[in-house]
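Since the structure comes first, as structure tokens, the remarks are kept for the end.
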Amino acid sequence: MTRWFGNGSEGGGRFVPGWLGPLEQRVLESLWARDGQASVRDLRPAFPEIAYTTLMTTLDRLHRKGVLGRSKVGRAFYYRPRLTRPEFESARAGEAFRIALQGSGATLTPLLSTFVDAVGDRDRAMLDELAVLVKHRLAEYKDKA
């Protein structure tokens, strides 16, 4: 299952953690690939192995979770992702860090150390950028004090 961030109510709002099932993730990926809104009928060819009503229910659940927006045109609903893929991934990563940071200082040290190691292994310039961000944040805290 994949983490998602929705409000669980009609119409939008604050993002909170939750889970996307495999079919929900596939539907979201399909909508991102379309780069626009789509109805159940529009998406149906991409999901020949599932019933029309299952796809309709999945889209409605994603809407209720706050992952999709929708508008009614005639008798059909048209769905669109509320976030782009990079925004969605960023929200997932941010929420994961917020949850991890709720722990005690003793549990944070290995997490932060692993994060710095992973950034350094990936890209030295990114590690330098991280150092600059930390330096600026520390300066902000000193200015407030």
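The values are calculated or read from the model by the stated rules, or taken from the named source; none is laboratory data. Fair warning: this is a prediction, and the values are worked out from it, not measured in the lab. As a convention, Cβ positions derive from the backbone with ideal geometry for all residues, glycine included, and neighbour counts pool all protein chains shown.
Of A139, A91, all but one fail to be in a helix (DSSP H, G or I), in contact (Cβ under 8 Å) with a residue 40 or more places away in the chain and outside the structural domain of L20 (by TED's automatic domain parsing); the exception is A91. Annotation for segment 82-101: at least one member residue is modelled with pLDDT of 90 or more, touching a strand residue (DSSP E or B) at 6+ places or on another chain (Cβ under 6 Å) and either within 30 Å of L62 (Cβ to Cβ) or among the β-branched types (V, I, T) (or both). K142 meets each of the listed conditions (1) under 29 Å from G66 (Cβ atoms); (2) loosely packed, with under 10 Cβ neighbours inside 10 Å; (3) basic (K, R) apart from (1).
Residues that are more than 17 Å from the chain's Cα centre (by Cα) and within 28 Å of L28 (Cα to Cα) within segment 76-114 comprise A76, F77, Y78, listed in sequence order. Given the structure, is P81 under 30 Å from R41 (Cα atoms) and surrounded by 11 or more Cβ atoms within 10 Å (Cβ to Cβ)? So P81 passes the test. Regarding G66, is this residue over 25 Å from the mean Cα position of the chain (by Cα), in the same structural domain as G21 (by TED's automatic domain parsing) and on the phi > 0 side of the Ramachandran plot? No. Residues in segment 1-50 that are modelled with pLDDT of 85 or more and polar (S, T, N, Q): Q25, S30, Q37, S39.
Can you find a residue in segment 64-72 that is among the small types (G, A, S), touching a Ser or Thr at 6+ places or on another chain (Cβ under 9 Å), surrounded by 14 or more Cβ atoms within 10 Å (Cβ to Cβ) and touching a residue at least 12 places away in the same chain (Cβ under 8 Å)? Yes, segment 64-72 has at least one match. Of the listed requirements (1) free of Cβ contacts under 8 Å to residues at least 60 places away in the same chain; (2) within 14 Å of the chain's Cα centre (by Cα), R122 misses just one: (2).
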